[in-house]
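The values are calculated or read from the model by the stated rules, or taken from the named source; none is laboratory data. Model, not experiment: these values are computed from the prediction. Cβ placement follows ideal geometry from the backbone for every residue including glycine, while neighbour counts extend to all protein chains displayed.
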Amino acid sequence: MSLETETKLITRILPARDVETDIESIKEAAQLLSQGKLVVFPTETVYGIGANALDPDAVAGIFTAKGRPADNPLITHVTSPVDIIPLVKDYPETAKKLAEVFWPGPLTIVLHKNDKIPAITSAGLDTASFRIPSHPVARALIKLSGVPVAAPSANVSGSPSPTTARHCITDLNGRVDMILDGGKCGVGLESTVVSLTGSVPRLLRPGAVTAEALREVLGELEIDASVTARLEEGCVPVSPGMKYRHYAPHAKLSLVHARTEDFICFAGDKSGDGIFFLTFDEDVPLIGSAAVSYGAKDDPAAQARELFSALRRLDEAGAVTVYARAPRKTGVGLAVYNRLLRAAGYDEIYL
Ligand code: TXA
Ligand code: MG
């Protein structure tokens, strides 16, 4: 079904900066969720488009609103591990350990589900993913709704995840019942996804909870090949979301591994109409108006926070070709690298 032919909804946009001041907005949003409607809400990672995870019709609405492929499962958001236990076959020791250290926060855990999670929410898999967000508005909303909340990022499928309410309005106005405006997201990239369904814990998507930090708690952690490389043709990904080109601006993007001097020279050589350079704050004065920054060179947390906004700004600036300077691949940098790599369709240049 094409997105253009969907019935238009009236989307109400309400402020939700603070749980106390904006409690009436949050209560209204919670009531909508309990009635099977769609609500966009802020989390500490990115904005989510939420629906009752246990209501197949409500969840179907998410797939339609986003234009999301039906084989890409959703994360169920709750406020306590106690809410996960009735939905899974097994809540292993490793999950307890991770929950103790990282929840509430930007971590998603994949577990073996039971029949209470409908097939549409888990895209037909026998596993399901869970997250306990730390954002006060998200927590209040989920609690007041009284239901577990399925919520993918609140962007149209394929475009960069939204880190402000404005991004959500651009993508989803007229497709959801309500958007709660909670300001800018603190982390800026989606949660770390770790699967506990195999013999060894496996990192499926890097995020603000780093591989290093997970390893410290778990002792062992495998990093799924799809985190840093394109999947082989015909290979079935552990995380279905990994196979889609994501986070893509309309421009053709290449990821450039270079030292500062080399990148500045490269930018000088390549400059031209519609050509932009996505790079660190420090490089901007050296490149000039064709440069768009995504955080300071040695500040991966800032890069995480700024990246998706910067990708959207490139589209607004009419970029045709973008050369993005590659970040460091350690710590949170691995998550930044993973998103840029996929925005680039795995096109990397080494100078
Ligand atoms: O930070 C986040 O995680 C945000 C906020 C709203 O919480 N949500 C989010 O959801 O990023 P989404 O749907 O955009 O990304 C979920 C990812 C996808 O790559 C999906 O394939 C994977 O998690 N995933 C979900 N359930 C899974 C499962 N059972 N097994 C493997 N991967 C799963
Ligand atoms: Mg997403």
task = Within the stretch 130-167, count every residue that is within 12 Å of ligand 2 (Cβ to nearest atom), surrounded by fewer than 23 Cβ atoms within 10 Å (Cβ to Cβ) and hydroxyl-bearing (Ser, Thr, Tyr).
result = 2
message = Among (1) aliphatic (A, V, I, L, M); (2) buried (at least 17 other Cβ atoms within 10 Å of the Cβ); (3) away from ligand 1 (no atom under 15 Å from the Cβ), there is one condition VAL82 misses while meeting the rest; what is its number?
response = (2)
remark   = Residue hits (the stretch 152-179; touching a helix residue (DSSP H, G or I) at 6+ places or on another chain (Cβ under 8 Å) and within 12 Å of ligand 1 (Cβ to nearest atom)) are PRO152, ALA154, ASN155, VAL156, SER157, SER159, PRO160, SER161, PRO162, THR163
message = Restricting to the stretch 262-303, name every residue that is in a helix (DSSP H, G or I), of a type in the set (A, V, I, L, M, F, W, C) and touching a strand residue (DSSP E or B) at 6+ places or on another chain (Cβ under 7 Å).
response = PHE263, PHE266, ALA267, VAL284, ILE287
Test: THR279 is touching a residue at least 40 places away in the same chain (Cβ under 8 Å) and of a type in the set (S, T, N, Q) = yes
query = Scanning for something small (Gly, Ala, Ser) and within 12 Å of ligand 1 (Cβ to nearest atom), does the stretch 136-145 turn up at least one residue?
reply = yes
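Only one of ILE75, ILE23, ILE13 is in contact (Cβ under 8 Å) with a residue 60 or more places away in the chain and within 16 Å of ligand 2 (Cβ to nearest atom); which?
One residue alone meets the criteria, ILE75.
Matching residues to (1) touching a strand residue (DSSP E or B) at 6+ places or on another chain (Cβ under 7 Å); (2) of a type outside the set (Ser, Thr, Tyr):
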{"position": "LYS89", "(1), (2)": "yes, yes"}
{"position": "THR94", "(1), (2)": "no, no"}
{"position": "LEU98", "(1), (2)": "yes, yes"}
{"position": "PHE102", "(1), (2)": "no, yes"}
{"position": "ASP115", "(1), (2)": "no, yes"}
{"position": "ALA119", "(1), (2)": "no, yes"}
{"position": "GLY124", "(1), (2)": "no, yes"}
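Suppose we keep only residues that are in contact (Cβ under 8 Å) with a residue 60 or more places away in the chain and more than 11 Å from ligand 1 (Cβ to nearest atom) within the stretch 185-212. Which one would you say is surrounded by the fewest Cβ atoms within 10 Å (Cβ to Cβ)?
Pass one, the stretch 185-212, residues in contact (Cβ under 8 Å) with a residue 60 or more places away in the chain: 185-197, 201, 204-212.
Now restrict to residues that are more than 11 Å from ligand 1 (Cβ to nearest atom): 186, 201, 206, 210-212.
Working: GLY186: 17, PRO201: 24, PRO206: 29, THR210: 19, ALA211: 20, GLU212: 12.
Across the stretch 185-212, the extreme among qualifying residues is GLU212.
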task = State whether the residues of the stretch 213-225 include one that is touching a residue at least 60 places away in the same chain (Cβ under 8 Å), within 27 Å of PRO92 (Cβ to Cβ) and within 11 Å of ligand 1 (Cβ to nearest atom).
result = no
request  = Test THR94 against the stated conditions and say whether it is touching a residue at least 40 places away in the same chain (Cβ under 8 Å), of a type in the set (Ser, Thr, Tyr) and more than 14 Å from ligand 1 (Cβ to nearest atom).
outcome  = yes
note = Scanning the stretch 267-277 residue by residue, those of a type outside the set (A, V, I, L, M) and over 20 Å from VAL336 (Cβ atoms) turn out to be GLY268, ASP269, LYS270, SER271, GLY272, ASP273, GLY274
task = Any chance you could count how many residues in the stretch 15-68 are more than 14 Å from ligand 1 (Cβ to nearest atom) and either in a loop (DSSP other than H, G, I, E, B) or at positive phi (or both)?
result = 12
inquiry  = Condition first: modelled with pLDDT of 95 or more, away from ligand 1 (no atom under 16 Å from the Cβ) and within 24 Å of the chain's Cα centre (by Cα). Can you find one or more residues in the stretch 231-251 that meet it?
reply    = no
inquiry  = Going residue by residue through the stretch 283-299, is there one that turns out to be closer than 30 Å to PRO69 by Cα and either of a type in the set (Lys, Arg) or buried (at least 22 other Cβ atoms within 10 Å of the Cβ) (or both)?
reply    = yes
key: Pick from the stretch 107-126, criterion surrounded by fewer than 20 Cβ atoms within 10 Å (Cβ to Cβ) and closer than 23 Å to LEU214 by Cβ, ranking: farthest from ligand 2 (Cβ to nearest atom)   = HIS112
